[in-house]
Amino acid sequence: ETGVTQTPRHLVMGMTNKKSLKCEQHLGHNAMYWYKQSAKKPLELMFVYNFKEQTENNSVPSRFSPECPNSSHLFLHLHTLQPEDSALYLCASSQELRDEPQHFGDGTRLSIL
Amino acid sequence: RKEVEQDPGPFNVPEGATVAFNCTYSNSASQSFFWYRQDCRKEPKLLMSVYSSGNEDGRFTAQLNRASQYISLLIRDSKLSDSATYLCVAVYNFNKFYFGSGTKLNVKP
């Protein structure tokens, strides 16, 4: 059982909808991450948070808006997405923002109609 | 050029075989490296870290070659349960995590 939980597991939305993805980690970690995984492509790091502060925005379009209210929770707010945004969105956490292993959630499989 | 490159495979091997994957990275400043495994429609899970001196965990051996900028994963005595996609990761600057596209392994009875 993973210490990182993501909801919802699946999401289908239209291009004009607004939705949010949620991630919660129960590991006492201080760093959290959002990744995008598209078919046949490597995981792409989107955002990094360390002690609730954003430390990395990997040139992600503004239609993706992250929020980190505390070290245990991470959200990804979605607005006016495009069909090419359909992918698996994975949340991960690590003890510190260092070169150490990350623990991943199950992911949210997002489909944009 | 991709930061991390892997042969996508698939590698189809019989049970009991030894199989090796390589992964090359482009940034010589990369500090740390990991291997993850990802089962179909599941999240990546850490398999092992890769140290400069190499490391071994049971049937799995990981090695780092900084001069040639590649890491390797060797699996001995393959099991059916080893079937998965293996992802390598290179990290630099502590917050730059680059994943490869993964190498798919199919272990057949």
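Quick notes on this one:
- Residue among A:MET13, A:MET32 that is closer than 15 Å to A:THR108 by Cα and in contact (Cβ under 8 Å) with a residue 24 or more places away in the chain: A:MET13
- Taken together, the residues in region A:96-113 that are facing chain B (nearest Cβ under 7 Å) and under 12 Å from A:TYR35 (Cβ atoms) amount to 3.
- Among the residues of region A:25-57, those identified as among the polar types (S, T, N, Q) and closer than 17 Å to A:HIS77 by Cβ are A:GLN54, A:ASN57.
- For region B:85-109, residues that are within 14 Å of chain A (Cβ to nearest Cβ), over 21 Å from A:SER94 (Cβ atoms) and either touching a Gly at 6+ places or on another chain (Cβ under 9 Å) or free of Cβ contacts under 8 Å to residues at least 12 places away in the same chain (or both) total 3.
So that you can scan it fast, the table gives a plain yes or no per residue for (1) over 21 Å from B:LYS108 (Cα atoms); (2) more than 13 Å from every other protein chain (Cβ to nearest Cβ); (3) crowded, with 17+ Cβ neighbours inside 10 Å; (4) among the basic types (Lys, Arg):
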position: B:ASN12; (1), (2), (3), (4): no, yes, no, no
position: B:GLU15; (1), (2), (3), (4): no, yes, no, no
position: B:CYS23; (1), (2), (3), (4): yes, no, yes, no
position: B:SER28; (1), (2), (3), (4): yes, yes, no, no
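- Residue count for region A:6-27 satisfying the condition of being of a type outside the set (A, V, I, L, M, F, W, C) and touching a Lys or Arg at 6+ places or on another chain (Cβ under 9 Å): 5.
- Residue within region B:56-76 that is over 20 Å from A:GLY107 (Cβ atoms), buried (at least 20 other Cβ atoms within 10 Å of the Cβ) and within 9 Å of chain A (Cβ to nearest Cβ) present: no
- Within region B:77-94, tally of residues that are at pLDDT below 95 and either surrounded by fewer than 16 Cβ atoms within 10 Å (Cβ to Cβ) or charged (D, E, K, R) (or both): 1
- Residue within region A:51-71 that is buried (at least 20 other Cβ atoms within 10 Å of the Cβ), in contact (Cβ under 8 Å) with a residue 12 or more places away in the chain and over 11 Å from the mean Cα position of the chain (by Cα) present: no
- Subset of region A:21-68 that is of a type in the set (S, T, N, Q) and more than 14 Å from chain B (Cβ to nearest Cβ) - its residue that is nearest to A:GLU96 (Cα to Cα): A:SER65
The values are calculated or read from the model by the stated rules, or taken from the named source; none is laboratory data. Bear in mind the structure is a predicted one, so any value in this text is a computation, not a measurement. FYI the Cβ positions are ideal-geometry reconstructions off the backbone, even for glycines, and counts take in every protein chain you see.
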